[in-house]
1. Would you confirm, using the coordinates I've provided, whether A:A178 is away from chain B (no Cβ under 14 Å), touching a residue at least 60 places away in the same chain (Cβ under 8 Å), in contact with a Ser or Thr (Cβ under 6 Å, 6 or more places away or on another chain) and among the aliphatic types (A, V, I, L, M)?
2. Based on this model, can you work out whether A:E134 counts as within 14 Å of chain B (Cβ to nearest Cβ), farther than 18 Å from B:L259 by Cα and either among the hydroxyl-bearing types (S, T, Y) or not in a helix (DSSP H, G or I) (or both)?
3. Quick one: B:I73 ticks every box in (1) open to solvent by less than 60 Å² (accessible area, probe 1.4 Å); (2) within 40 Å of the chain's Cα centre (by Cα) bar one, so which box is it?
4. Tell me the helices (runs of 4 or more DSSP H) entirely within the stretch A:81-122 that contain at least 2 residues that are at pLDDT 85 or above and not aliphatic (A, V, I, L, M).
5. Take A:V150 and tell me if it is at the interface with chain B (Cβ under 10 Å from one of its Cβ atoms) and surrounded by 15 or more Cβ atoms within 10 Å (Cβ to Cβ).
6. Please work out which residue is nearest to the other protein chains (Cβ to nearest Cβ), limiting yourself to the stretch B:222-278 and to residues that are among the polar types (S, T, N, Q), closer than 17 Å to A:E119 by Cα and open to solvent by less than 30 Å² (accessible area, probe 1.4 Å).
7. Applying the selection to the stretch B:187-217, what residues are buried (at least 19 other Cβ atoms within 10 Å of the Cβ) and over 23 Å from the mean Cα position of the chain (by Cα)?
8. Exactly one of (1) more than 14 Å from every other protein chain (Cβ to nearest Cβ); (2) out of contact with any Leu (no Cβ under 8 Å at 6 or more places or on another chain); (3) in a helix (DSSP H, G or I) is unmet by B:T304. Its number?
Amino acid sequence: MNLLLQETPKIVVTSEDWESKLSDVEILIEDMNRLVMNLLVAEGYREAAEKFKEESITMPEEDLASMNERLEVIKAIESRNLEDAIEKLNALNPEIIKTSFHLHQQMLIELIREKKTEEAVAFAQEKLAPLAEENEALQRELEKTVCILVTEGLPNCPSRELFHNSQWIRTASHVNEAIHTSQTGEKGPELERLLKELIWTQNQLDEKTVYVYPRMNDFSTGQLIYRPE
Amino acid sequence: MEIDSATNGNSDTVMTESAATITPSPVVVSSSRSNQFTESLKLEHQLLRVPFEHYKKTIRTNHRSFEKEVSTIVNGVGELADSDWSKDDTVSRLTCLVTRLQGLKRKLEEGSNVENLQAQRCRARIDHLDSVDVENITEWNNTKLKRILVDYMLRMSYFETATKLSESSNIMDLVDIDIFREAKKVIDALKNREVASALTWCADNKTRLKKSKSKFEFQLRLQEFIELVRVDTAESYKKAIQYARKHLASWGTTHMKELQHVLATLAFKSTTECSKYKVLFELRQWDVLVDQFKQEFCKLYGMTMEPLLNIYLQAGLSALKTPYGLEEGCTKEDPLSQENFRKLALPLPFSKQHHSKLVCYISKELMDTENPPQVLPNGYVYSTKALKEMAEKNGGKITCPRTGLVCNYTELVKAYIS
């Protein structure tokens, strides 16, 4: 005789209930403003941060004037001036120069761009391999970068984007985060961490296959999608 | 494979025993035997396919070199017609062209001889398959057994033994010694960490490999790149990059991720402790290439990946393998009662039996429709014959030999085997 497996009972939360529960949660305007300020400061938007400070009476956690040094480095990178950036960064925090994989990656890209092949190989061996040795994501980045030495001539070289201006912006973003972390101890904007917690929480609910609830898929709009079965 | 190593260790014994097992005793061939034979012909695909592939390849190669030579000579004649050569120069050049034509003729004759030999081999195998009938099936199966053994020896690179057996059994046209010799050259070179002959083989079979989307040549090129990086000098890195630009870049279109992984060794070097790249420098990567070549080679010629001996043994032992056969005291007629066969059968699945076979505890005879099982009130089952005999001797009374229960013969219930 076959036994019929009993289905785990589902907990269904209707859209109305969900919205009702959400509206019961009180978020202070001051807390939201603090999150926005935190983001502006972390990402280096000094002028926007100053305006926001005036209009919302929200105090930044750090002196906005101290952002200047960080912004000078970022500006130099985005202007494709590596020498200037390194000089400024050396004055600000020499340790970051040693430990920043992405800064060295940009240096390697420039050596390759200038066709200094032998120097590029030696540089990759001395500087980049040790930094990537225990990080799979960085290993992947290094693979793509070294590959240009060989595949640059291909019509559809997938790593060619590393030669684009967008790569400079990515490098600047990584260095900005490194400087900000070294100065404040914070690892990126708090808003980013909250979003990650939201994603993790939704995944937990999904994995248990017990809850049916309005789900947020597009975080740029925050729209809730309800899909009852 | 475990079977391979076990067989290597017990070659003589296993082959002797398998000879006794595989060769059927002479019997009248019924219609069911004809069907079995028809089924077994399906395993002879390799026998016909291999020499045919070889024949096609020979024709293709001969044709290609012929076209090339004729083209060169015709161009030579054209040049003479278009130029203002002196009479002596013209005569001299025409003499050269004539000499080349004579050389071409000789080459064509040699090529034709080879093609004829291979066509003859194809024909011999068709004749061999066509020749089996009721009267000679024993002899035919003996020949088949020898073919299977030679196939195994060739795959294990026992060329002299294979040749001796083939010659003494007069089956040279039914086995593929020269083809396996061709493979052996490449395999030996790879074991010696040389890729030249393997690359030549790839070039010779370029069209077929491309059609099957083989990436064996890519693997060879990657290994050669790795050997350059291993040297670990500024000069060798320079050569490695030049090599990669010439021989690896174009593979990036279809195998970019793998290409990037290997190229990163330029940064990590052969001394790296990072396991993701360290593995690429291990010498056993050459063993991987040997295995890959064997697979490509077998695929190209339409051969089975496993030796035929393995395939037949696995099929047979799997059909015979039962839990009872693995116990002590089972009948000696069962091959599984022998240690060597048990070892070979160890990783194989058990035979699938649709019906149980019940043996009477009292009489040791089989219980079937003529001697059906009967159930005592206590649930124990014995055969009808044994129970009837007991009842006749004891005034209609039955005494259960296992529990001692006494009951009347009339209380028994017939059981049915599903």
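The values are calculated or read from the model by the stated rules, or taken from the named source; none is laboratory data. Predicted, not measured: the structure shown is a model, and the values here were computed from it. Note that we place each Cβ from the backbone using ideal geometry, even for glycine, and neighbour counts take in every protein chain shown. Ligands, DNA and RNA are stripped out before the accessible areas are found, and what is left, the full protein with its side chains, is counted by its heavy atoms. Shrake-Rupley method; radii C 1.70, N 1.55, O 1.52, S 1.80 Å.
1. The answer is yes for A:A178.
2. Values: within 14 Å of chain B (Cβ to nearest Cβ): yes; farther than 18 Å from B:L259 by Cα: yes; either among the hydroxyl-bearing types (S, T, Y) or not in a helix (DSSP H, G or I) (or both): yes.
Yes, satisfied.
3. Unmet for B:I73, out of (1) open to solvent by less than 60 Å² (accessible area, probe 1.4 Å); (2) within 40 Å of the chain's Cα centre (by Cα): (2).
4. The qualifying helices (runs of 4 or more DSSP H) are A:101-113.
5. Yes: the conditions hold for A:V150.
6. B:T265
7. The answer is B:V195, and nothing else.
8. Among (1) more than 14 Å from every other protein chain (Cβ to nearest Cβ); (2) out of contact with any Leu (no Cβ under 8 Å at 6 or more places or on another chain); (3) in a helix (DSSP H, G or I), B:T304 violates only (3).
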